[in-house]
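The values are calculated or read from the model by the stated rules, or taken from the named source; none is laboratory data. The structure presented is a predicted model; accordingly, all values stated were derived computationally and were not measured. Positions of Cβ are generated from backbone atoms using ideal geometry, with glycine treated the same way; all protein chains shown enter the neighbour counts.
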Amino acid sequence: MTSHPHDNGRDEYSGRTTEHLPSQSAGTVYERAAAGYRTRLGWRVYALDTTVWITPGAPVEAFTVPRAMGELALARLQARSIPLPVINIPGPPDRWALLVQPSNDARGDILDMFVDYDIGYAYSGHHHGRTSDWGIDLPPTRHPGHETLSWITPADSPLPAAWNVAHILAGILTGPTGE
């Protein structure tokens, strides 16, 4: 987590000021990023090699969507003054991870809404409704052959409710009259 002259003292992965981050000399950039998320957000974040991740469930779940859909969802939520933390997952094709609060009650309904669409939903050790060890990768993760993950909008607390974001995504799928 280095600070660059052009970023005005902001962490390149979270967009936050760097004054609260762990020492620049402690561990790899991935270990420092994980420590920063744990300190700043209270998330149980892990780092191994070039990956930083959180296991889906409390306190974070995620929708993964094509970039164009993510852009529409972000714009619609911002128009309602609802912050949405978004991670760019470089492709091709690029995808966005939309971070949300866990939805304990509506997971089956959410999965049913998107069964025929290119929308992933990661929650409590599940991905697309199946048990999985899939995690939510966080910046600065770098997958082989791809660019580094980056924040489109930084993570903040509280996260938007999963159900609210699911409704926005469903509205996008049904077109201009879907809201």
Note to self: Looking only at residues that are in a loop (DSSP other than H, G, I, E, B) and polar (S, T, N, Q) in the range 62-119, which one is modelled with the highest pLDDT?
What the structure shows: SER81
Item checked: Count of the range 31-58 residues which are under 28 Å from ASP105 (Cβ atoms) and of a type in the set (Val, Ile, Thr) -> 3
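Could you go through the range 120-135 and let me know if any residue there is modelled with pLDDT of 90 or more, surrounded by 18 or more Cβ atoms within 10 Å (Cβ to Cβ) and either part of a strand (DSSP E or B) or hydrophobic (A, V, I, L, M, F, W, C) (or both).
The answer is no; no qualifying residue exists.
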Check: Can you tell me how many residues in the range 40-55 are charged (D, E, K, R) and assigned to a helix (DSSP H, G or I)?
Finding: 1
Margin query: Suppose the filter is part of a helix (DSSP H, G or I), of a type outside the set (Lys, Arg) and under 12 Å from LEU138 (Cα atoms); does TYR37 pass it?
Written below: yes
Next item on the list: Find all pairs meeting these conditions: Cβ atoms under 7 angstrom apart; at least six residues apart or on different chains; first residue within the range 53-70 and closer than 11 Å to VAL100 by Cβ; second residue among the small types (Gly, Ala, Ser) and in a loop (DSSP other than H, G, I, E, B).
Entry: PRO56/SER124; PRO56/GLY125; PRO56/GLY135; GLU61/SER103
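Considering only residues of the range 47-90 that are acidic (Asp, Glu) and farther than 15 Å from TYR121 by Cβ, which is farthest from the chain's Cα centre (by Cα)?
Here is the first cut: in the range 47-90, the ones acidic (Asp, Glu) are 49, 61, 71.
Still in the running and farther than 15 Å from TYR121 by Cβ: 49, 71.
Values: ASP49: 20, GLU71: 14 Å.
Of everything passing the filter in the range 47-90, ASP49 is farthest from the chain's Cα centre (by Cα).
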